[in-house]
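To keep things clear, I will list the structure first and then write my remarks on it.
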Amino acid sequence: ANGRGQEIRERYKAFIEDKLLAAGIHLSANVSGKSAIDLLLPGIDKSFGLAMMVIWFGVNLCQAIFTGDAFDRNDEAAFRAVWHLGNVGRLFDVLKSRLYRPGTRFYQLPDSGPRGFRQFAEALLRAA
């Protein structure tokens, strides 16, 4: 089902980008997640958000943990930016991911979605 949805969103993305270009609006359209098309300034992605957060909190990027629920194209930039990953989505083998790098620490959370993230965040706070 997601394959067909992806195909439809790719067509909408192309349409939106054509209209933005014709109007002189400098935004990029990106198919993301399972149902979204993000409109962003060129070069802005989840890794940019991570970089801003580590600056804001005064930590090193190598200390950051990115949690995601799919680790697909939507999460690719963040996946490449950090060495610690937490999965709150379906089980998958991170070692078989095309984005895996030796040295990456991967935490498979016992629960998925917001509840899984909350449990993960609470465990981190207790350990800090």
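Select from TRP83, TRP56, VAL31 the residue farthest towards the positive end of the dipole of segment 1-94; place +1 on Cβ of Lys and Arg, -1 on Cβ of Asp and Glu, and compute about the Cα centre.
The one lying farthest along the dipole's positive direction is VAL31.
Could you look at the chain and say what percent of its accessible area is carbon and sulfur, using a 1.4 Å probe and all protein chains?
Carbon-and-sulfur percentage of accessible area, whole number: 60.
State the Cα centre-to-centre distance between segment 1-30 and segment 35-73 in whole Å.
What the calculation gives is 21 Å, centre to centre.
For the chain, what is the accessible area per residue in Å², given a 1.4 Å probe and the full set of protein chains? Could the numbers behind the result be given before it?
Values: 8700 Å² over 128 residues.
That works out to 68 Å² for each residue.
Write down Rg/Rh for the chain, rounded to two decimals, with Rg from the C-alpha atoms and Rh from the Kirkwood relation over Cα pairs.
Details: Rg = 16.6 Å, Rh = 16.3 Å.
Rg divided by Rh gives 1.02.
The values are calculated or read from the model by the stated rules, or taken from the named source; none is laboratory data. These numbers come from a predicted model, not from an experiment. We place every Cβ from the backbone using ideal geometry, glycine too, and count neighbours over all the protein chains shown. Surface areas here come from the heavy atoms of the whole protein model, side chains and all, with no ligands, DNA or RNA. Shrake-Rupley method; radii C 1.70, N 1.55, O 1.52, S 1.80 Å.
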